[in-house]
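One structure is given here, and the rest of the page talks about it.
The values are calculated or read from the model by the stated rules, or taken from the named source; none is laboratory data. From a predicted model like this one, the values you see are computed outputs, not experimental measurements. With ideal geometry, Cβ positions are generated from the backbone for all residues, glycine too; neighbour counts draw on all protein chains shown. The area values use the complete protein model at the heavy-atom level, side chains included, leaving out ligands, DNA and RNA. Shrake-Rupley method; radii C 1.70, N 1.55, O 1.52, S 1.80 Å.
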Amino acid sequence: MVKKVAKKPTEKSARKDNKRKAPKPALRDLLRIPEADSVDLSSYDSRATPGGPKDKATALAALTRLGEDLAGVQERLYASSTAGDTRRVLLVLQGMDTSGKGGTVKHVIGHLNPAGCRIKAFKTPTTEERRHPFLWRVRQALPGLGEIGIFDRSHYEDVLIARVRELVPRRDLGRRYGQINRFEQGLADDGVTIVKVFLHISYEEQRARLLARLDNPDKHWKFSPSDIEDRALWPAYQEAYELALHRCSTAAAPWYLVPADRKWYRNWAISTLLLEHLKALAPSYPTAGFDVGQAREELLAMP
């Protein structure tokens with residue numbers, strides 16, 4: 001019998017092995033906006049798919065698995081709160097009209113147990129809300145212990161539309177960035193994991209989505225003439241977003257930029273970001289605070 005001699009690895013095969021063994025970077029590292037840098041949205045490709053599946057079909061298949069994983073870790077987070085765990089998660093969704101905030105709630109958060117979620121869509125402030133400081137209404141909507149909160153728009157409206165539409169004096173507007181940073185730092189110190197996502201859509205894609213709403217009578221309710229007014233202010237909104245992303249991306253609450261022209265990538269990316277943050281918390285089911293064996297015996301002994 002001839003003894004086989006192991007082949008000596010070539011330089012090419014060694015490179016392949018090293019490449020195969022290299023850990024895949026976390027999506028949160030790929031999409032995170034650097035804290036110190038100014039932000040130029042025109043430098044980001046809204047159709048890019050960083051770290052994502054190769055195509056739509058692969059992404060849809062992956063979303064099913066992600067949904068199952070999200071549901072599992074969400075249940076553990078909620079269960080751990082019954083034993084005194086004070087941690088919770090806040091997902092903040094910001095972006096221009098049609099960027100997919102509502103779609104994210106439907107396709108990503110739809111996998112979760114509604115009992116453990118708190119969803120809030122921030123619209124024009126009510127008369128009551130205007131009587132209070134701008135962060136007042138946000139505090140009322142924060143997730144409870146063990147919950148996942150989802151903000152469809154958020155306190156950032158008060159430095160976005162307020163800036164573009166000049167709804168408050170510039171001196172007051174300038175102070176709001178610092179107020180937001182202190183507010184978010186306080187949340188982080190209180191056990192809230194903040195996941196802030198900017199949905200980056202292109203000017204051309206927004207036009208296509210607005211036209212699709214106009215061409216479908218069932219979607220007319222989602223359209224408002226003010227959408228055209230806001231579209232005319234696109235450069236001002238881009239500048240306002242760039243400033244907010246730059247001044248409010250901190251270690252406690254960084255911003256993540258998700259290219260949103262491809263809906264399948266948007267849903268996959270936000271699901272993955274949320275799952276990475278939940279897994280980092282590593283919640284676990286609490287141990288029973290009673291005698292399980294005795295309870296079982298008593299239950300079996302009952303007629």
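Short-range pairs are left out: with C-alpha atoms under 8 Å and at least six residues apart, the relative contact order of region 63-204 is 40 percent. The apolar share of the surface of the chain, taken as the fraction of accessible area on carbon and sulfur atoms (1.4 Å probe, ligands and nucleic acids excluded), comes to 53 percent.
Listed peptides 42-53, 74-85 appear in the order 74-85, 42-53 once ranked by packing, highest mean of other Cβ atoms within 10 Å at the front. Per residue, the chain exposes 57 Å² of solvent-accessible protein surface, assessed with a 1.4 angstrom probe and all protein chains in place.
Sorting the segments 245-257, 25-37 by their residues' average number of neighbouring beta-carbon atoms within 10 angstrom, most packed first, yields 245-257, 25-37.
Electrostatic tally near ALA115: other residues with Cβ closer than 15 Å to its Cβ, Lys and Arg +1, Asp and Glu -1, net +1. Bridgeable aspartates and glutamates around LYS24 (alpha carbons under 19 Å apart, same-chain partners fewer than 8 residues away excluded): ASP55, ASP69, GLU276.
Taken as Cα centroids, region 166-242 and region 52-83 sit 26 Å apart, rounded to the nearest whole angstrom.
In the chain, taking the dipole from charged Cβ atoms about the Cα centre, the farthest positive-side position among LEU135, ILE109, PRO53 is held by PRO53.
Quick one: grab the alpha carbon gyration tensor of region 57-154, order the square roots of its eigenvalues as a ≥ b ≥ c, and give me rounded if a/c is under 1.5, else prolate or oblate depending on whether a/b is larger than b/c. Judged from the Cα gyration tensor, region 57-154 comes out oblate (a/c at least 1.5, b/c at or above a/b).
Among LYS106/LYS222; LYS56/LYS196; LYS196/LYS219, which pairs are too far apart, with a Cα-Cα distance over 26 Å? The pairs that break the limit, which is 26 Å between Cα atoms, are LYS196/LYS219. Give the residues of region 244-280 whose amide nitrogen is closer than 20 Å to a point set 7 Å from the Cα of ARG175 in the direction of its Cβ. From region 244-280, the list is 244, 247-248.
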